[in-house]
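The values are calculated or read from the model by the stated rules, or taken from the named source; none is laboratory data. Quantities reported herein were computed from a predicted structural model and do not represent experimental measurements. Heads up, the Cβs are rebuilt from the backbone with ideal geometry, glycines too, and the neighbour counts pull from every protein chain shown. Side chains are part of the model used for accessible areas, which takes the heavy atoms of the whole protein and leaves out ligands, DNA and RNA. Shrake-Rupley method; radii C 1.70, N 1.55, O 1.52, S 1.80 Å.
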Amino acid sequence: MSGNPSAFCGGLALTDIEVAIDGPTAKKLRFPCTTTAQTFTESLDPGDYTLSVAGLGANGKKLAVPMLDADVTSFTLVPEGFQSVDLFADFTIASFLAPIEAGFSFSLALLSGPDELPFTTCTPEPGLVIDRARITVLDADLQVVPTAALRDGQNPPIVLDGVTTVPCDELGKIRDIEPLVWDDAPMAHEELYVRIEAYAAGSDEPCYGNGDDPTPTAPNASLAIELPRIAFDGACAEMTDP
């Protein structure tokens, strides 16, 4: 899954992986979708063989066909011989036969230091009150995706245009991104990232944020985002009586 830590089989609607053996002895092997290596031993008649892999949905429908190394997938099995094949299949967004329409969700915590516990409240430190956050969805070039929006219950979605902010005390219940189109076609997205910046009252500089390291996401991902402290002066250092 392109090494994306946020991608998982269920989020991509992959239920099973099918390995097809094409040659004198034709077989299809099927196992539940997993990123864990699977090992098979099969008895085959001698001859020329080609291997292929497909990702299947819950109804057995073929959803994705990853590109494979041709030097590995084609081989000749000699009489009384043995062939070992180490097959690597990368289920990228581009490998899916149809676009995926899916959003994702996130939870948010504020991390004041590497040895500190993350806080899910808007008062991560005594006297420091976070009153709003700016959430943006970024494309592969880390540019703002202007069509991204945050679901807001029965209210119209909140457009994440890089300017709009969300009250901090609302983030506990507003944390679902509306569906986007994932594909390798124009106007769709093979990669998406989430950037979040948290501000104190009266401050235009974020106190917490992941702007230098936005979080990679994936279809139907559930992200646990911890924002590090990035500013310590001005409003971000203001101390008041609790």
Which residues, counting only those in segment 189-205, are open to solvent by 20 Å² or more (accessible area, probe 1.4 Å) and at negative phi? His189, Glu190, Glu191, Tyr193, Arg195, Glu197, Ala201, Asp204, Glu205
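So which of Ala224, Ala188 is within 22 Å of Cys122 (Cα to Cα) and either among the hydrophobic types (A, V, I, L, M, F, W, C) or out of contact with any Lys or Arg (no Cβ under 8 Å at 6 or more places or on another chain) (or both)?
Exactly one of Ala224, Ala188 is within 22 Å of Cys122 (Cα to Cα) and either among the hydrophobic types (A, V, I, L, M, F, W, C) or out of contact with any Lys or Arg (no Cβ under 8 Å at 6 or more places or on another chain) (or both), namely Ala224.
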Cβ-Cβ under 8 Å pairs, at least 6 apart or on other chains, segment 25-44 side in a loop (DSSP other than H, G, I, E, B), far side open to solvent by 90 Å² or more (accessible area, probe 1.4 Å) and of a type in the set (Gly, Ala, Ser): Thr25/Ser43
Tell me which of these Arg195 doesn't satisfy, since it passes every other one: (1) in a loop (DSSP other than H, G, I, E, B); (2) touching a residue at least 24 places away in the same chain (Cβ under 8 Å). (1)
Which ones in segment 28-48 are among the small types (Gly, Ala, Ser) and surrounded by 10 or more Cβ atoms within 10 Å (Cβ to Cβ)? Gly47
Assess whether Arg229 counts as being of a type in the set (D, E, K, R), at pLDDT below 95, open to solvent by less than 50 Å² (accessible area, probe 1.4 Å) and within 24 Å of the chain's Cα centre (by Cα). yes
When the residues of segment 11-24 are narrowed to those that are in a strand (DSSP E or B) and of a type outside the set (A, V, I, L, M), which ends up surrounded by the most Cβ atoms within 10 Å (Cβ to Cβ)? Asp16
From the list Ile17, Ile21, Ile100, exactly one residue is out of contact with any Ser or Thr (no Cβ under 9 Å at 6 or more places or on another chain), β-branched (Val, Ile, Thr) and at pLDDT 95 or above. Which is it? Ile100
